[in-house]
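Worksheet for the structure shown next.
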Amino acid sequence: MITRIVSQLFYFYYILIIVRIFLTWVQTINWEQQPFGWIRSVTDPFLNIFRGIIPPIGGVLDISPILAIILLQILQGIVVGALSSLGL
């Protein structure tokens, strides 16, 4: 039960990052309006970790979401695997 909930939370965060990627392609979005501001406030702190390591290429191409999703998949495997082995 707990394992499934944690796995779903990881999946939800993946979706938020993907939505954030697609929204950056729309030039007319006001990031201060809801729900856009909420998505940004939830995803940017995690993405900024990777932006600090590899800044956007040419100020345009941001690969931080790719790195973030890869790390999330690794973390999900570790966390969900540990919870499963505990029988949760």
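The values are calculated or read from the model by the stated rules, or taken from the named source; none is laboratory data. Here the structure is a predicted model, which is why all the values come from computation and not from measurement. Reconstructed Cβ throughout: ideal geometry from the backbone, glycine too, with neighbour counts over all protein chains shown. The protein model used for the area step is the full one, side chains on, heavy atoms only, and it has no ligands, DNA or RNA in it. Shrake-Rupley method; radii C 1.70, N 1.55, O 1.52, S 1.80 Å.
Please go through the stretch 31-43 and pick out each residue that is in contact with a helix residue (DSSP H, G or I) (Cβ under 8 Å, 6 or more places away or on another chain) and open to solvent by less than 70 Å² (accessible area, probe 1.4 Å). First the steps, then the outcome.
If we filter the stretch 31-43 for residues that are in contact with a helix residue (DSSP H, G or I) (Cβ under 8 Å, 6 or more places away or on another chain), which is where we start, we get 31, 36, 39-40, 42-43.
Of everything in the stretch 31-43, those that are in contact with a helix residue (DSSP H, G or I) (Cβ under 8 Å, 6 or more places away or on another chain) and open to solvent by less than 70 Å² (accessible area, probe 1.4 Å) turn out to be Trp31, Phe36, Ile39, Val42, Thr43.
Yes/no per residue for (1) of a type outside the set (A, V, I, L, M); (2) within 10 Å of the chain's Cα centre (by Cα); (3) under 26 Å from Thr3 (Cβ atoms):
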| residue | (1), (2), (3) |
| --- | --- |
| Thr24 | yes, no, no |
| Asn30 | yes, no, no |
| Ser41 | yes, no, no |
| Gly59 | yes, no, no |
| Asp62 | yes, no, no |
| Pro65 | yes, yes, yes |
| Ile69 | no, yes, yes |
| Val79 | no, no, yes |
| Leu83 | no, no, yes |
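Working only within the stretch 31-50, note down all residues that are under 18 Å from Ser64 (Cα atoms) and either small (Gly, Ala, Ser) or outside any helix (DSSP H, G or I) (or both). Step through it out loud before you land on a result.
Initial filter on the stretch 31-50 (under 18 Å from Ser64 (Cα atoms)): 39-50.
Of everything in the stretch 31-50, just one residue is under 18 Å from Ser64 (Cα atoms) and either small (Gly, Ala, Ser) or outside any helix (DSSP H, G or I) (or both), namely Ser41.
Taking into account only those residues within the stretch 73-88 that are open to solvent by 80 Å² or more (accessible area, probe 1.4 Å) and part of a helix (DSSP H, G or I), which is farthest from Tyr13 (Cα to Cα)?
Ser85
Out of all the residues in the stretch 19-30, which are part of a helix (DSSP H, G or I) and either of a type in the set (Lys, Arg) or without any contact (Cβ under 8 Å) to a residue 40 or more places away in the chain (or both)?
Within the stretch 19-30, Val19, Arg20, Phe22, Leu23, Thr24 qualify.
Going through Ile63, Ile70, Ile49 one at a time, which residue ends up being free of Cβ contacts under 8 Å to residues at least 40 places away in the same chain, in contact with a strand residue (DSSP E or B) (Cβ under 8 Å, 6 or more places away or on another chain) and surrounded by 10 or more Cβ atoms within 10 Å (Cβ to Cβ)? Even if it seems obvious, please write down each step before you answer.
Working: Ile70 fails: in contact with a strand residue (DSSP E or B) (Cβ under 8 Å, 6 or more places away or on another chain); Ile49 fails: in contact with a strand residue (DSSP E or B) (Cβ under 8 Å, 6 or more places away or on another chain).
Result: Ile63 is the single residue among Ile63, Ile70, Ile49 that is free of Cβ contacts under 8 Å to residues at least 40 places away in the same chain, in contact with a strand residue (DSSP E or B) (Cβ under 8 Å, 6 or more places away or on another chain) and surrounded by 10 or more Cβ atoms within 10 Å (Cβ to Cβ).
I'd like to verify a number: residues in the stretch 1-10 that are touching a residue at least 40 places away in the same chain (Cβ under 8 Å), open to solvent by 50 Å² or more (accessible area, probe 1.4 Å) and not in a loop (DSSP other than H, G, I, E, B), how many? Don't jump to the end; show me each part of the working.
Quick first cut of the stretch 1-10, residues touching a residue at least 40 places away in the same chain (Cβ under 8 Å) only: 1-3, 6-7, 10.
Cutting the leftovers down to open to solvent by 50 Å² or more (accessible area, probe 1.4 Å) gives us 1-2.
Keeping just the survivors that are not in a loop (DSSP other than H, G, I, E, B) gives 2.
Here the count works out to 1.
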